[in-house]
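The structure under discussion appears below in the form of C-alpha cells.
The values are calculated or read from the model by the stated rules, or taken from the named source; none is laboratory data. Values in this document were obtained by computation on a predicted structure and should not be read as measured data. Glycine gets a Cβ as well: all are built from the backbone with ideal geometry, and neighbour counts include every protein chain shown. Areas reflect the complete protein model, heavy atoms only, side chains present, ligands, DNA and RNA absent. Shrake-Rupley method; radii C 1.70, N 1.55, O 1.52, S 1.80 Å.
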Amino acid sequence: MSRRKLVDSVLVVLVLVTIVGLYRITPTQKDFQQPIAVKGVAGQAVHTPRFDVTVEKVRISKKLRVPRTTPDRDTLSDFVVIDAVVTANREPIHLQRFEIRAADGTTYAAANRSGLNRVDLANFQFAPGIAVRGPVVVEMPADQLPGATFLVLEKEIFTDLEPQATIALKITKDQLDGLREDVAILSPAVEG
C-alpha cells in the first residue's frame, strides 16, 4: 500500500468517526420538544408560569373508596393517592397529565378507574387564583416510591416547551409502612 493510499484511508476513517460523533451529540427534535421542568419537593409549592402545585400528603392502600360508588376498588399492586393543591395562574386550565416516575425511570400514569372522574384533580377545571385541593390516584407497586418523582403537566400532547412540575416525593423505604392505609378514602376536589 502506498503512502498516499494510507493517508487517504486514515482521513476517510477520521471523517467517518467525526460524522458519527456529530450525529450522536446533535439534539433531536424530541430534545427540543420536551416540557420544561420546574423542580420542587413535596410539601412546598412548585410555581410554574401556568399553575402552582403543592403535594401535601402521599397515601398507599390496596383498596380505594370513591364517594357515592360501591364497591371499594381493589388492585393487584397498590393505589398511591397524592393529595395536592393546585392553583391556575393566568387563565382557566385543565391539568391532563399526572404521572409518577420511579427511580428506575418507569413512569406510571394516573388511574382511570370508574368514579375517579368525579373526584380527582385530573378532571377539574381550575379557575385563576382559586386554590383547589384534591386527590390524584396512581396504580403502581408501592416499593417503587422511594426516589420517585411526581410529574404534573397541563397538556396530554404537544407538550413542547410547556411547564412541567417535577416534584421529588422524598419517600424512603422506611417510610412506606407509615403511609399505608387499610382503605384510601377519597374526598372530592374542592375549591378553597
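Data for the structure
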read-out: Distant-in-sequence amide H partners of ALA184 (H built 1.01 Å from N, under 5 Å); value: LYS63, LEU64, ARG65
read-out: Relative contact order (%) - criterion: Cα under 8 Å, at least six apart; region: segment 90-192; value: 34 percent
read-out: Eligible lysines near LYS173 by straight Cα distance, threshold 19 Å, same-chain separation 8 or greater; value: LYS57, LYS62
read-out: Overall dimensions of segment 69-159 as given by Cα atoms, namely Rg and Dmax in Å; value: 13.8, 40
read-out: Average accessible area per residue (Å²) across segment 1-81 - probe 1.4 Å, nucleic acids and ligands excluded; value: 73 Å²
read-out: Space enclosed by the convex hull of the alpha-carbon atoms of segment 42-99, per residue, Å³; value: 109 Å³
read-out: Nitroxide proxy distance, nm - points 7 Å out along Cα→Cβ at THR69 and ASP174; value: 3.7 nm
read-out: Segment 54-192, accessible surface, carbon-and-sulfur percent (1.4 angstrom probe); value: 48 percent
read-out: Descending principal axes extents, the chain, alpha-carbon based, whole Å; value: 86, 39, 28
read-out: Karplus-derived HN-Hα couplings along segment 84-91 (A = 6.51, B = -1.76, C = 1.60, θ = phi - 60°), whole Hz, x at Gly and Pro; value: 9, 10, 10, 9, 6, 9, 10, 8
read-out: Calculated over segment 1-78: convex hull of Cα atoms, volume per residue (Å³); value: 243 Å³
read-out: Those trypsin sites (Lys or Arg not before Pro) in segment 22-111 that DSSP places in a loop and that have at most 15 other beta carbons within 10 Å; value: ARG68, ARG90
read-out: Relative contact order (%) - the chain, alpha-carbon pairs under 8 angstrom, separation at least six; value: 28 percent
read-out: Total formal charge among the other residues, if their Cβ is under 11 angstrom from that of ALA168, Lys/Arg +1 and Asp/Glu -1; value: +3
read-out: Local electrostatic count at ASN112 - Lys and Arg +1, Asp and Glu -1, tallied over other residues with Cβ under 12 Å; value: 0
read-out: Additional length obtainable on full extension of the chain from VAL15 to ILE185, 0.36 nm per residue less Cα span; value: 54.9 nm
read-out: Convex hull volume of segment 128-192 per residue (C-alpha atoms, cubic angstrom); value: 142 Å³
read-out: Selection from SER187, ALA42, LEU116 lying farthest towards where the dipole of the chain points positive, charges on Cβ; value: ALA42
